[in-house]
Amino acid sequence: VGDNRRHVAHADGTPYLWIGDTPWAAFVAATQAEWESYLDNRRQNGFTLVQVHCGSGFLRFEQDRAGNPPFFGAGAGLQLNPAYWRHVDEKVRAANERGLVVFICAVRQPGASFPMKGFPGDDEEEVARFARSLVARLMDRFVIFSPIADDLWSPPADAVGRALRDASSLHLISAHPRFFLEPAITFHGKDYVDVVGVQTGEGWTADPYKKEPKRPFSTALAAQNAYEWPLHLYRLAP
């Protein structure tokens, strides 16, 4: 985080411009060759980062393209599948080799289905244990972590955030909250958060996660949010 606490910076203090898009499902849905082709394209177009989901990226895949599920067993017998997570390693490495940071969302919700069948996403001890494991695996990589994706604050999110921070003083931690200002504000001031995240592009006039009557998308509202919400967060202290 830059000296003024208002932007991200390289180690020498040069501002880092976060430009990336969202291949959320890359870990589970892309082959290594497809992924590297995508990365080459993004690098050529000036991107500095890619944003991926620790789980399925909202798809319902049970295994990756090589046929590996992320875990074996369930409950107390749940175990990491080394083959799956080695492929995750390879994808992160390939991005870093091209100068791209990898932003990994939803550390609280790992695996191939959303939420992962059998993964105890509401068990604070277990989600913290997985977070520490993921940090250890990626300690030498250029990654940024988020406990959540399109989610609200919760005690398990805090457990993941604290575990990520305790496991690494090297990596930035953010949050990718649901697409309203209020969820972003709930992460402001959390001692594990380096960069507050906010989604402004959706001109939602109703929450699609709730059983509310659908109302028209508002481009004008999306434009207004894109200006007002970051400015609101920028003005908060710290």
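Structure values in brief
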{"quantity": "Accessible surface, the chain, averaged per residue in Å² (probe 1.4 Å)", "calculated": "50"}
{"quantity": "Cα centroid of region 199-238 to Cα centroid of region 49-90, whole Å", "calculated": "31"}
{"quantity": "Difference of contour (0.36 nm per residue) and Cα-Cα distance, Arg43 to Arg129", "calculated": "27.6 nm"}
{"quantity": "Selected from Tyr38, Tyr16, Tyr209 as most flexible by GNM, with the chain as the system and alpha-carbon contacts under 10 Å", "calculated": "Tyr209"}
{"quantity": "Charge dipole of region 117-238 about the Cα centre (unit charges at C-beta), most positive-ward option of Ala226, Leu172, Val195", "calculated": "Ala226"}
{"quantity": "Share, in percent, of DSSP beta bridges within the chain that are antiparallel, nearest 5", "calculated": "20"}
{"quantity": "Gained length - Trp18 relative to Asp3, 0.36 nm times residue gap less alpha-carbon distance", "calculated": "3.7 nm"}
{"quantity": "Net charge dipole size for the chain [Lys, Arg +1 and Asp, Glu -1 on Cβ; Debye, nearest 20]", "calculated": "200"}
{"quantity": "Listed residue (Phe119, Pro155, Trp18) projecting farthest to the positive dipole end of the chain, Cβ model", "calculated": "Trp18"}
{"quantity": "R0 of 45 Å, Cβ-Cβ distance Lys211-Thr31: FRET efficiency to nearest 0.05", "calculated": "0.75"}
{"quantity": "Relative contact order of region 79-238, defined on C-alpha pairs under 8 angstrom at six or more residues apart (%)", "calculated": "16"}
{"quantity": "Protein accessible area in region 1-140, 1.4 Å probe - carbon and sulfur %", "calculated": "50"}
{"quantity": "Residue of Ala11, Ala74, Ala95 that the Gaussian network model of the chain assigns the largest fluctuation, springs spanning Cα pairs under 10 Å", "calculated": "Ala11"}
{"quantity": "Cut-off under 5 Å, modelled amide H: who pairs with Asp151 long-range", "calculated": "Arg178"}
{"quantity": "Ellipticity estimate at 222 nm from DSSP helix runs (n ≥ 4, -39,500 (n - 2.57)) divided over the chain, nearest 500", "calculated": "-10500 deg cm²/dmol"}
{"quantity": "Calculated from backbone phi, Karplus (6.51, -1.76, 1.60) coupling profile of region 170-180 in Hz, x at Gly/Pro", "calculated": "9, 9, 6, 10, 10, 9, 10, x, 4, 7, 9"}
{"quantity": "Gain on full stretching of the segment that runs from Leu170 to Leu78 - 0.36 nm per residue minus C-alpha separation", "calculated": "30.2 nm"}
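The values are calculated or read from the model by the stated rules, or taken from the named source; none is laboratory data. This structure is a prediction, so every number in the text was calculated from the model and none was measured. Glycine also receives a Cβ, built like all others from the backbone with ideal geometry; neighbour counts cover every protein chain displayed. The accessibility values were calculated without ligands, DNA or RNA, using every heavy atom of the protein model including side chains. Shrake-Rupley method; radii C 1.70, N 1.55, O 1.52, S 1.80 Å.
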